[in-house]
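Before any comments, here is the structure.
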């Protein structure tokens, strides 16, 4: 076997693994209605505090997307969209808030129970980690002045 043939077979097999396979099934652990408890740590982004709210992850448009909508007691609202980018072989994420803020991220699953987001135009990273079937923890982190990541936000998702 020559090298171009091996590369062709590798690319073809990766393509075959995703063709006909719904890459959005990995979001199964997030689907549903959730109670949210926010812990906002004092950081360069905020003075710190807490909040609570409700959120829902749901499939949309023939399982091509997963939407996330939430509303907090303090009045924060957001809409987010996850999608599989077949060409780049990564998940894309779009985030929109009622404050007018919006962001994009590239994300991927570290394992079957952890989704990692790399926010574009920032140094923020975020993880959704399944703790058990009815509990997910979201952590947002930012590098400190030594280059180590420190948590700036934690949200506990408890299934309704």
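The values are calculated or read from the model by the stated rules, or taken from the named source; none is laboratory data. Remember, predicted model here, so these are calculated numbers, not experimental data. No Cβ is skipped: glycine too gets one built from the backbone with ideal geometry, and neighbour counts run over all protein chains shown.
Inspection of the stretch 131-143 finds a residue satisfying the criterion of being in contact (Cβ under 8 Å) with a residue 60 or more places away in the chain, within 20 Å of residue 30 (Cα to Cα) and in contact with a strand residue (DSSP E or B) (Cβ under 6 Å, 6 or more places away or on another chain).
Among the residues of the stretch 1-51, those identified as at pLDDT below 95, surrounded by 10 or more Cβ atoms within 10 Å (Cβ to Cβ) and part of a loop (DSSP other than H, G, I, E, B) are 21, 22, 41, 42, 43, 45, 46, 48.
Which of the residues spanning the stretch 93-105 are in contact with a strand residue (DSSP E or B) (Cβ under 6 Å, 6 or more places away or on another chain) and surrounded by fewer than 16 Cβ atoms within 10 Å (Cβ to Cβ)? 94, 96, 97, 98, 102, 104 - these are the residues of the stretch 93-105 that are in contact with a strand residue (DSSP E or B) (Cβ under 6 Å, 6 or more places away or on another chain) and surrounded by fewer than 16 Cβ atoms within 10 Å (Cβ to Cβ). Filtered by the rule that a residue be surrounded by fewer than 17 Cβ atoms within 10 Å (Cβ to Cβ) and not in a strand (DSSP E or B), the stretch 106-127 gives 112, 113, 120, 121, 122, 123.
Quick grid of which residues meet (1) modelled with pLDDT of 95 or more; (2) within 26 Å of residue 40 (Cα to Cα); (3) surrounded by fewer than 15 Cβ atoms within 10 Å (Cβ to Cβ):
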position	(1), (2), (3)
53	yes, yes, no
57	yes, yes, no
61	no, no, yes
79	yes, yes, yes
87	no, no, yes
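Restricting attention to the stretch 89-99 and to residues that are at pLDDT below 95 and either in contact with a helix residue (DSSP H, G or I) (Cβ under 8 Å, 6 or more places away or on another chain) or part of a strand (DSSP E or B) (or both), the residue that is farthest from residue 57 (Cα to Cα) turns out to be 89.
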